[in-house]
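The values are calculated or read from the model by the stated rules, or taken from the named source; none is laboratory data. As the structure is a prediction and not an experimental result, all values here were calculated from the model. Positions of Cβ are generated from backbone atoms using ideal geometry, with glycine treated the same way; all protein chains shown enter the neighbour counts.
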Amino acid sequence: MAAHHFETLFPNPEATAAFGAALALRLLPGDTVLLEGPVGAGKTHLVRALIRAILLHDEDIPSPTFTLVQTYDTRNGAVWHSDLYRLTSTFEVEELGLTEAFDDAICLVEWPDRLGDLAPIGALHLTMTPEADEGARTLHAQWSDAKWRDRLAGLPK
């Protein structure tokens, strides 16, 4: 299947958060979003805005850097936010239960290169790159599953 993509510049953190909040309302159980980019690129900022947009209640949204996974009950179903930066093998990914969550939860995965062959084929790939202007970042979205074309249509870019 052919890959589809778009690229956009977010001039500030508010634009990044607006994109995350808008994307949140289009995600369904079984969807996986893989977020790549260097430390400080805005991955966690985007994910926090996304989770806040669909939470059923007010909740702190910590980075799962040390816990590896944070789970949330939302209006769109269970959300798993994973930060795999500290993992060294795919065996550790399986121990977390993440591969099972791919089937029935919304999974948001930072540092998805740690998934190796376990990455879902139909995932949405978001690569974030910081720009020279403070707080600006470029987002490159890529997908092969046709469902993302409709889901991403009309998002703030």
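For the reader, a short list of remarks on this structure follows.
A quick yes/no check of all residues on (1) outside any helix (DSSP H, G or I); (2) under 20 Å from D133 (Cβ atoms):
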residue	(1), (2)
A22	no, no
P29	yes, no
A41	yes, yes
L46	no, yes
A53	no, no
D60	yes, no
S63	yes, no
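- Filter result (of a type outside the set (A, V, I, L, M, F, W, C), closer than 16 Å to R149 by Cβ and within 13 Å of the chain's Cα centre (by Cα)) within segment 7-34: R26, D31
- Residue in segment 44-58 that is at pLDDT 95 or above and more than 18 Å from A17 (Cβ to Cβ) present: no
- Flag if Y85 is modelled with pLDDT of 85 or more and assigned to a loop (DSSP other than H, G, I, E, B): yes
- Of all residues in segment 104-134 being under 16 Å from H45 (Cβ atoms) and either assigned to a strand (DSSP E or B) or polar (S, T, N, Q) (or both), the one that is farthest from the chain's Cα centre (by Cα): P130
- Test result for L124, aliphatic (A, V, I, L, M), surrounded by fewer than 19 Cβ atoms within 10 Å (Cβ to Cβ) and either under 17 Å from A18 (Cα atoms) or touching a residue at least 60 places away in the same chain (Cβ under 8 Å) (or both): no
- Yes/no for L115 being surrounded by 15 or more Cβ atoms within 10 Å (Cβ to Cβ), free of Cβ contacts under 8 Å to residues at least 40 places away in the same chain and either more than 27 Å from A15 (Cβ to Cβ) or of a type in the set (K, R) (or both): no
- All positions within segment 83-110 that are crowded, with 16+ Cβ neighbours inside 10 Å and of a type in the set (D, E, K, R): D83, E110
- Scanning segment 50-57 turns up no residue that is over 25 Å from I121 (Cβ atoms), among the small types (G, A, S), touching a residue at least 40 places away in the same chain (Cβ under 8 Å) and crowded, with 17+ Cβ neighbours inside 10 Å.
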